[in-house]
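Encoded as structure tokens, the structure appears first; notes follow it.
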Amino acid sequence: MKKTKIFDPADGFLPFTDVAEIADATVVKRGNQWWMYVAGQRKKDRGIHLFSASLAPGLPLSATGWRLTADRNDPTHVALLAGYESSGAWDLKGGRHCPSYVTGWDPVRKLWVDRIYYAGAAENPWGPYAIGFLEWDGFQWVDQPEPVFAANEGWEHGSVYEPNLIYHDGKWKLWYVAGSNQENYLVHGFAESEDGQTGWSTHKIFAPPEMKVFDFCVIKEGRGFEAVFSRVDLQNSSAPTAAGLWWCTADSRFRAIGLERARSDYDRRRSRLARRPMEAFNAIWRYRFNQAVCIL
């Protein structure tokens, strides 16, 4: 696998003079232009914000040519993706993290909407977090007064973050991390909702904490699904079997059986496979180690 650097603080961000760091990208083609939505920091404050970058209209997807979006009033300053007029009470002090772009159907307004879900923290950059979104109103990204998804199960340890979503079969489907690095506890959860805001299904464990799965990013591909995710080596803990970047697939049966049946299969197998979480995980997804995409 060829790795190409796109943004690096060591190289600077000229012509921008106020950018300190860029990370956590979600990439999408909107119209005839590729966009990248990222979390980052400015030099003048310690907050974590969302920014955008883009390729020139009409260009194919490429690792080169990306340009951050400038502030309208100062071309040397990066533009905030959205203000904090409505959301500041729950995401300003702790910042906006882990953006995930998704287009889905709003059954109340009966229209397709573009959203960027993210994790926000009310007090500290290290959490605890809840998940909310920005929504495109046709002219700009608009913040929301409250998060739409929060921890409500004991196994979530009061914090949910790293959202990754798709819209499929009439549902907004959310994969997310619960717990925290600080307590050496990461578990991957799943829930779904008809409108992406309310009525979320019971929060389910998707991958157990011993797998140390992080950022499970799903896309629809052909008749099935693919996901790229990382397995991480937390501080002061033993590394998983292979920390790095991984790939897995689920075939078209995922559409028919949904998570509930997959979870029941998983739960039955987990009771007898407690020491083999990888095999239990495979009850839902085919887990594949691919040298082309695995970084160790």
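Summary of values
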item: Strands (runs of 3 or more DSSP E) lying entirely in the stretch 161-238 (those with 1 or more residues that are in contact with a Lys or Arg (Cβ under 7 Å, 6 or more places away or on another chain), among the hydrophobic types (A, V, I, L, M, F, W, C) and surrounded by 17 or more Cβ atoms within 10 Å (Cβ to Cβ)); result: 185-193, 213-221
item: Set 17, 76, 64: member being over 26 Å from residue 144 (Cβ atoms) and touching a Pro at 6+ places or on another chain (Cβ under 7 Å); result: 76
item: Some residue of the stretch 119-138 being touching a His at 6+ places or on another chain (Cβ under 6 Å) and crowded, with 20+ Cβ neighbours inside 10 Å; result: yes
item: So residue 19, is it β-branched (Val, Ile, Thr), closer than 20 Å to residue 131 by Cβ and either in contact (Cβ under 8 Å) with a residue 40 or more places away in the chain or touching a Phe, Trp or Tyr at 6+ places or on another chain (Cβ under 8 Å) (or both); result: no
item: Complete set of residues in the stretch 11-26 that are in contact with a Lys or Arg (Cβ under 7 Å, 6 or more places away or on another chain) and either in the same structural domain as residue 114 (by TED's automatic domain parsing) or outside any loop (DSSP other than H, G, I, E, B) (or both); result: 19, 20
item: Subset of the stretch 27-83 [surrounded by fewer than 17 Cβ atoms within 10 Å (Cβ to Cβ), part of a loop (DSSP other than H, G, I, E, B), among the aliphatic types (A, V, I, L, M) and touching a residue at least 40 places away in the same chain (Cβ under 8 Å)]; result: 63
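The values are calculated or read from the model by the stated rules, or taken from the named source; none is laboratory data. Predicted model, so just to flag it, every value in this text is computed and none were measured. Glycine also receives a Cβ, built like all others from the backbone with ideal geometry; neighbour counts cover every protein chain displayed.
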